[in-house]
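Structure, as structure tokens:
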Amino acid sequence: MEHQTAIDGRSPVMVARLSRRGFLAGAAASAGAALLAACGNSGAATNASTPTTAAGATTPASNVPAATTARAATAPIGATTAASAPPLMTQAGAPDMPKAYIGLFKDNSVAVFDTMTNKVLTTIPIPTGPHGLVLTPDGKTIYISSDGATVVSIIDTATDKVTGNIEVGQAPHGLAITPDGKTLLVAGFGTNRVMLIDTATNTVTGQVAVPQPHNLAISPDGTTAYVAAQQPGATALAILSIAEKKQTGSIPLEKTPRALNLDAKGKQLYFTLAGVDAVQVLDVARNNVTGQIAVGASPHHPLITATGEYGLVVSQGPGELSIWSPDTNSLTGTVKVGTMPHWIAASSDGDTAYVTNEASNDLTIVNVETRKVVATVPIGNAPRKIVLQPGMIMQPAASPAASATTVPAASAITAAPATAAANGVTIASFAFAPQSITVAPGQTVTWTNKDSVAHTVTDDKGAWDSKTLAVGATFQQRFDQAGTFTYHCAIHPFMTGTVVVKG
Ligand SMILES: [Cu+2]
């Protein structure tokens with residue numbers, strides 16, 4: 001039973017002590033570093049070496065993916081099967097063969113993926129914590145934020161090289177770009193503001209105060225931005241006028257908004273909430289939620305294809321892509337994808353979807369029409385955001401054989417002990433309960449993940465960290481010194497909690 005959760009090989013308790021004495025100044029202190037550490041897929045057992053482990057509660061993180069056996073399907077060169085309709089893309093200079101760009105959160109790089117061969121062409125190093133990712137409508141420029149740094153990197157898709165960095169302040173999260181490509185919006189999670197950047201000069205031209213903005217979406221007419229504000233106690237969709245560079249409205253939410261997108265006409269806004277297993281449908285004209293589309297546990301990124309034909313969302317719990325009709329908001333199909341799917345990019349014609357699977361380190365390519373998996377392709381460590389250049393995808397139609405792609409088996413879940421440990425904190429519905437716990441000096445707190453997705457328990461000051469805590473797993477931390485210690489989930493920073501030590 002000599003498990004040691006490791007920060008530099010020391011036990012968390014020891015690290016906590018060292019940190020309090022100031023010996024670890026800066027160690028793992030940045031949110032980004034913590035986030036990276038938290039996402040380590042080492043399957044590390046999450047047991048502080050405390051003497052109170054009689055329950056044997058520690059279970060190894062189980063989100064190390066089952067081997068992905070499917071090989072990339074290779075499209076035949078010169079395949080013409082999809083050529084019956086012209087590409088929807090009309091901008092001059094649109095690439096013939098679209099490339100996808102994928103932020104690899106644990107590799108601190110962007111993978112460049114060739115949709116013709118389903119191969120990674122190259123990877124582009126960027127600063128710590130690739131987060132928000134957008135492509136200009138002409139397909140020529142990538143913007144990607146790094147949440148462990150203070151910049152948005154600019155990548156030229158002709159050369160696939162970084163051509164510049166824009167300073168935006170601490171922990172930038174989501175990005176969005178206007179349909180004319182002229183204005184880039186940056187959600188400054190760490191600076192509580194949304195910045196507007198003129199893409200002609202790549203300079204910040206304005207900012208709007210929004211508490212902990214995470215993801216954002218822009219209306220098809222380019223006038224309005226909707227921002228998922230995640231600050232606990234102030235969760236809302238903030239509505240911004242892009243021309244006026246100011247907030248014009250707010251839709252308060254009881255739960256934390258995650259990701260959002262509008263339909264092709266800008267009449268409905270679809271968004272997901274932490275702890276709600278349904279896509280929310282907002283009537284834009286009335287600014288109220290008029291419906292829900294029930295899907296699998298922990299839905300994340302909703303997306304409407306450019307044609308307006310399909311609504312798509314990934315559910316992280318079961319590892320599914322769900323498809324609905326934006327006309328009726330009724331579900332029309334569900335496709336099994338990889339583990340912990342995160343984001344979706346759809347082809348210009350809307351018929352092919354690329355899904356990143358953060359915990360199985362691969363990309364699932366789905367034929368949306370037939371609802372079949374075309375290919376599953378290893379892509380790098382912790383793929384999150386993805387964008388796809390406009391143009392015609394030369395994927396072959398899904399073959400029956402390909403649809404038999406191995407889907408990772410449901411992760412082996414080791415049930416947590418049924419009896420709540422003394423000083424126990426339960427993680428469920430994207431929250432720590434109790435949110436604040438009080439213990440005496442020398443006591444150990446046990447966190448149990450009873451949610452549908454992995455989380456972390458991470459000291460705000462970086463002194464200790466559970467790293468990725470799989471579904472069903474527990475983490476223990478002993479507190480020797482009196483004081484108030486705040487912590488968060490590094491994967492979902494809006495999840496916060498407090499340990500008060502007094503005696
Ligand atoms: Cu979490």
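Bear in mind these aren't lab numbers, they're just calculated from the coordinates by the rules spelled out. Computed from a predicted model, the values in this text were never measured in an experiment. FYI the Cβ positions are ideal-geometry reconstructions off the backbone, even for glycines, and counts take in every protein chain you see.
Candidates are the residues of the range 462-493 that are within 14 Å of the ligand (Cβ to nearest atom) and of a type in the set (Val, Ile, Thr); the one that is surrounded by the most Cβ atoms within 10 Å (Cβ to Cβ) is THR468. The single condition among (1) among the acidic types (Asp, Glu); (2) closer than 11 Å to GLY497 by Cα; (3) within 12 Å of the ligand (Cβ to nearest atom) that ASP459 does not meet is (3). Residues that are within 20 Å of ILE142 (Cβ to Cβ), among the β-branched types (Val, Ile, Thr) and outside any strand (DSSP E or B) within the range 188-207 comprise THR199, THR201, listed in sequence order.
THR496 fulfils the conditions (1) within 14 Å of the ligand (Cβ to nearest atom); (2) in contact (Cβ under 8 Å) with a residue 60 or more places away in the chain; (3) over 19 Å from GLY275 (Cα atoms) except for a single criterion, (3).
Where residues in the range 370-394 are in contact with a Gly (Cβ under 8 Å, 6 or more places away or on another chain) and of a type in the set (Lys, Arg), which of them is surrounded by the most Cβ atoms within 10 Å (Cβ to Cβ)? Break it down stepwise before answering.
The initial filter retains those residues of the range 370-394 that are in contact with a Gly (Cβ under 8 Å, 6 or more places away or on another chain), namely 371, 376, 383-386, 389-391.
Retained after the next criterion (residues that are of a type in the set (Lys, Arg)): 371, 384-385.
Numbers: ARG371: 15, ARG384: 23, LYS385: 26.
Once the filter is applied, the top-ranked residue is LYS385.
Do the conditions hold for GLY291, that is, is it among the small types (Gly, Ala, Ser), touching a Lys or Arg at 6+ places or on another chain (Cβ under 6 Å) and not in a loop (DSSP other than H, G, I, E, B)? No, not satisfied. Annotation: of all residues in the range 421-441 being on the phi > 0 side of the Ramachandran plot and touching a residue at least 60 places away in the same chain (Cβ under 8 Å), the one that is surrounded by the most Cβ atoms within 10 Å (Cβ to Cβ) is PHE430.
State the number of residues belonging to the range 249-270 that are in contact (Cβ under 8 Å) with a residue 24 or more places away in the chain and over 21 Å from the mean Cα position of the chain (by Cα). So the count comes out to 6.
Just need a number here: residues in the range 230-239 that are part of a loop (DSSP other than H, G, I, E, B) and among the aliphatic types (A, V, I, L, M). Don't jump to the end; show me each part of the working.
Initially, the range 230-239 is screened for residues part of a loop (DSSP other than H, G, I, E, B), giving 230-235.
Keeping just the survivors that are among the aliphatic types (A, V, I, L, M) gives 234.
Residues flagged as part of a loop (DSSP other than H, G, I, E, B) and among the aliphatic types (A, V, I, L, M) within the range 230-239 amount to 1.
Number of residues in the range 219-229 that are outside any loop (DSSP other than H, G, I, E, B) and surrounded by fewer than 24 Cβ atoms within 10 Å (Cβ to Cβ) equals 1. Identify all residues within the range 240-258 that are within 22 Å of PRO493 (Cα to Cα) and part of a strand (DSSP E or B); write none if there are none. Matches in the range 240-258: SER250, ILE251, PRO252, PRO257, ARG258.
When the range 208-218 is filtered for residues that are in contact with a Leu (Cβ under 9 Å, 6 or more places away or on another chain), outside any loop (DSSP other than H, G, I, E, B) and either surrounded by fewer than 22 Cβ atoms within 10 Å (Cβ to Cβ) or hydrophobic (A, V, I, L, M, F, W, C) (or both), the ones remaining, listed by number, are VAL208, LEU216, ALA217, ILE218.
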